[in-house]
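The structure appears right after this line, and notes come after that.
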Amino acid sequence: MLSRKPKVLVLDSFDEEFFKQLQNYCEIVDETREDEVEILIVRSSTRVDRTLLSRLPKLRLVVTATHGEDHIDKQALAERGIPYRNAPVQSYDVAQGVMAYIFAFATNMINADRLMKRGEWKKKELVGFRIEGKVLGIIGYGRIGREVARQALANGMKVIVYEKDPKARKENSLPVVFVDKLEELLSKSDIVTIHVPLTDETRGMIGERELNMMKNGAYLINTARGGIVDEEALLKALEKGKLAGVALDVFQHQPPLTNNSSGELARHEKVIASPHSIAQTAEALRQKGESVLKIIKEYLGKV
């Protein structure tokens, strides 16, 4: 074990208790001391690429407190021989957010709030639907997809799943129906929710062709990564009335505040938009910190 505390740089937010505990094992430094950093801790808003790595000559470990890994240049790390670990602890929290979107669709809650704030009482126009019996299509059946299925089933929904990995199917213990083709899921689902990582294979996997396969009046939820959905195609689907509503916690351009497809979607009346925040619960932030600390302690025990 090291006889001194390694220097660590934390580039994203954690709670105060995490930093207090981290100091027991590491010396926390800021970006002015990049050339001394041995351990880097990030979340999804920091891209660990060659540019960043070039500024960290002494780096020995990268820890990302995320499920997704698309912000990590694994090839660049491998070339430097730098290991990385991830701490995926927000499955419940993401699923809770997905269910919140579904309930918001079903109750017309967002529209009701907007109307009330404009001084308009339009009870008769705000007719929703029961989610019981509705078909939820889940694209991707990892930790998050399984938790979404569990919560949806508990609320009486029917769940169908598109997942290529046979291991995910084998490990399943829930009464969901697997489909072999994405087209089948899209055509049968009342609501579609995306839970795959962003890779070369999944980038743009929901485009104009796929959106046209969905039921008229269906809903789409994306809490995974913005690049998975073709935003221009999604805007067209909304404008022509193909979809009744969309919920987006992620965008191709983040933050989606400029005049591009992401900005148009964030401002669209049929879109519930959130700033990659639905899984950011106090409990999840605490667990992230605990998981990162565990990784660091295990790493330090081996060097």
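A few comments on the model shown:
- Residue in the range 215-228 that is of a type in the set (Ser, Thr, Tyr) and free of Cβ contacts under 8 Å to residues at least 40 places away in the same chain present: no
- When the range 275-303 is filtered for residues that are part of a loop (DSSP other than H, G, I, E, B) and among the β-branched types (Val, Ile, Thr), the ones remaining, listed by number, are 278, 281, 303.
- Check on residue 236, under 22 Å from residue 264 (Cα atoms), more than 21 Å from the chain's Cα centre (by Cα), surrounded by fewer than 21 Cβ atoms within 10 Å (Cβ to Cβ) and among the charged types (D, E, K, R): yes
- When residues in the range 90-132 are screened for being among the charged types (D, E, K, R), without any contact (Cβ under 8 Å) to a residue 24 or more places away in the chain and in contact with a helix residue (DSSP H, G or I) (Cβ under 6 Å, 6 or more places away or on another chain), 1 of them pass.
- Qualifying positions in the range 104-126 - under 15 Å from residue 249 (Cβ atoms) and not β-branched (Val, Ile, Thr): 104, 105
- Some residue of the range 74-89 being among the charged types (D, E, K, R), part of a loop (DSSP other than H, G, I, E, B) and touching a strand residue (DSSP E or B) at 6+ places or on another chain (Cβ under 9 Å): no
- Taken over the range 227-274, the criterion of being among the small types (Gly, Ala, Ser) and in a loop (DSSP other than H, G, I, E, B) is satisfied by 241, 274.
A quick yes/no check of all residues on (1) closer than 22 Å to residue 157 by Cβ; (2) under 20 Å from the mean Cα position of the chain (by Cα):
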site	(1), (2)
75	no, no
80	no, no
83	no, no
94	yes, yes
101	yes, yes
105	yes, yes
113	no, no
117	no, no
127	yes, no
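- Check on residue 4, touching a residue at least 60 places away in the same chain (Cβ under 8 Å) and closer than 18 Å to residue 301 by Cβ: no
- Search result, residues across the range 168-204 that are touching a residue at least 40 places away in the same chain (Cβ under 8 Å), of a type outside the set (Val, Ile, Thr) and not in a helix (DSSP H, G or I): 189, 190, 195, 197, 198
- Scanning the range 102-123 for residues that are part of a helix (DSSP H, G or I), among the hydrophobic types (A, V, I, L, M, F, W, C) and more than 25 Å from residue 161 (Cβ to Cβ) yields 109, 110, 112, 115, 116.
- Output for the range 275-287, where each listed residue is closer than 15 Å to residue 225 by Cα and buried (at least 17 other Cβ atoms within 10 Å of the Cβ): 276, 278, 279
- Residue satisfying all of: in the range 1-29; out of contact with any strand residue (DSSP E or B) (no Cβ under 7 Å at 6 or more places or on another chain) and either hydroxyl-bearing (Ser, Thr, Tyr) or farther than 21 Å from residue 287 by Cα (or both); surrounded by the most Cβ atoms within 10 Å (Cβ to Cβ) among these: 25
- Residue within the range 114-132 that is touching a strand residue (DSSP E or B) at 6+ places or on another chain (Cβ under 9 Å) and within 30 Å of residue 41 (Cβ to Cβ) present: no
- Residues of the range 124-142 include at least one that is more than 23 Å from residue 71 (Cα to Cα) and in a helix (DSSP H, G or I).
- Per the listing 125, 210, 171, the residue uniquely modelled with pLDDT of 95 or more and of a type in the set (Asp, Glu) is 210.
- Test: residue in the range 292-301 that is surrounded by 19 or more Cβ atoms within 10 Å (Cβ to Cβ) and closer than 24 Å to residue 145 by Cα: yes
- Residue that is surrounded by the fewest Cβ atoms within 10 Å (Cβ to Cβ) [pool: residues in the range 30-73 that are part of a helix (DSSP H, G or I) and of a type in the set (Asp, Glu)]: 31
The values are calculated or read from the model by the stated rules, or taken from the named source; none is laboratory data. Note that the structure is a prediction, hence the values are computed from the model and not measured. Cβ sites come from the backbone with ideal geometry, for glycine too, and all protein chains shown count toward neighbours.
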